1. From largest to smallest, what semi-axes in whole angstrom does the chain give when each is the square root of 5 times an eigenvalue of its alpha carbon gyration tensor?
2. At a Förster distance of 35 Å, what's the computed FRET efficiency of Ala220 paired with Ala76, Cβ-Cβ distance as r, to 0.05?
3. What are the ³J(HN,Hα) values, in whole Hz, obtained from phi via the Karplus relation 6.51 cos²θ - 1.76 cosθ + 1.60 with θ = phi - 60°, for each residue of the range 288-301 in sequence order, with x given for Gly and Pro?
4. In straight Cα distance, which aspartates and glutamates are under 20 Å from Lys279, not counting same-chain residues fewer than 8 positions off?
5. Using amide H atoms built 1.01 Å from N in the peptide plane, name the residues 5+ places from Gly53, or on other chains, whose amide H lies under 5 Å from its own.
6. Choose one of Pro145, Leu262, Val224: the residue whose Cα lies farthest towards the positive end of the charge dipole of the chain (beta-carbon charges +1 Lys, Arg; -1 Asp, Glu; about the Cα centre).
7. How much length would be gained if the chain were fully extended between Gln170 and Lys245, taking 0.36 nm per residue of separation minus their Cα-Cα distance, in nm to one decimal?
8. Once amide H atoms are built 1.01 Å from N in the peptide plane, which residues 5 or more positions from Gly106, or in another chain, come under 5 Å H to H?
Amino acid sequence: MKNPQALCYNKFRLRTGDFLCAKVRNIFAFLSNFAHKIKEPLMIKALFFDIDGTLVSFKTHEIPVSTIEALTAAKAKGIHIFISTGRPRVIINNLSALQERNLIDGYITMNGAYCFVEDTVIYKSPIPTAEVDALTAFCHERNIPCILVGEHDICVNQPGEVVEEIFHRQLKVDPIEAKPYTDSHADKAFFQLTPFINAEEEAIILPAVPHCEMGRWHPAFVDVTAKGNTKQNGIDQIIRHFGIKLEETMAFGDGGNDISMLRHTGIGVAMGNANDDVKAASNYTTTSVDEDGIANALKYFGIVGNPS
């Protein structure tokens, strides 16, 4: 008669062996599948770029030659190129190197509140009038500068040296027309407000504008749009228009208002000059805008050229 203990041991060994073999097979299958996937070229069909600090250097106020060359190569492969910026159309004045080469297929402006392709507006969403009134009143009472952006124009209430310093001297925007404060904005749609408030002041005004989004990419001011209007939403509008899948997209950014799109797209790339929270939200961090960051990332992912 067979030893019962030996039988139990043998059954346990067989079952354990089968279990381990199955586990090993699964591990090898996973590794094989992973290796296969990383050899496959990325099927990226759309690239989205922030402007300031991403496409355009804060130091030179120009687009690096390496970026122009990389985007030209990407465009030649049939990849769509889109702008995704907090700037309204009226102050996009630093993309001529790309525009002259017909490299841009569409624009997400005002942090997703206003999107257009050539002369066709595919999405626009203004701030509720009551909240325009509330925010501009808040700024007026405290003598804080506030930029108001309509569909085709821009102005500033309570202009000050800080507006001149940041928008004119640093961002190279033409002087913004000053207009006196008014307590009613019912006669016109405003798509973005830019109050020059710090984070503490932002927390104070936030309850008065419950249907608004706040997007900060500069410590001196915050961009305000209607709730739901972010660069993430802008990307959804663009890819719907062009019939592109989300997993076929890649976005590049450096500021806090870029975080939503870096998390949303198939691949999010943070510039080397980005803050840590932006880098944490991305899949990959490239070199800075002044160190050929865009070209290096596109080469790294095999979108253009060869990795260096």
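1. Numbers: eigenvalues 448, 126, 59 Å².
That gives 47, 25, 17 Å for the three semi-axes.
2. The pair Ala220/Ala76 has a calculated efficiency of 0.30.
3. Running phi through 6.51 cos²θ - 1.76 cosθ + 1.60 with θ = phi - 60° gives 6, 4, 7, 10, 6, x, 5, 4, 5, 5, 5, 6, 4, 8 Hz.
4. Counting by Cα, and skipping residues close in sequence, Lys279 has these aspartates and glutamates nearby: Asp50, Asp52, Glu247, Asp254, Asp258, Asp290, Glu291, Asp292.
5. Amide H to amide H, under 5 Å and 5 or more residues apart or across chains, Gly53 pairs with Phe58.
6. Farthest along the dipole direction, towards plus: Leu262.
7. Details: separation 75, 0.36 × 75 = 27.00 nm, distance 3.65 nm.
Full extension from Gln170 to Lys245 adds 23.3 nm.
8. Ile83
Bear in mind that the values in this text are calculations on the coordinates, not laboratory data. Here the structure is a predicted model, which means the values were calculated and not measured. Positions of Cβ are generated from backbone atoms using ideal geometry, with glycine treated the same way; all protein chains shown enter the neighbour counts.
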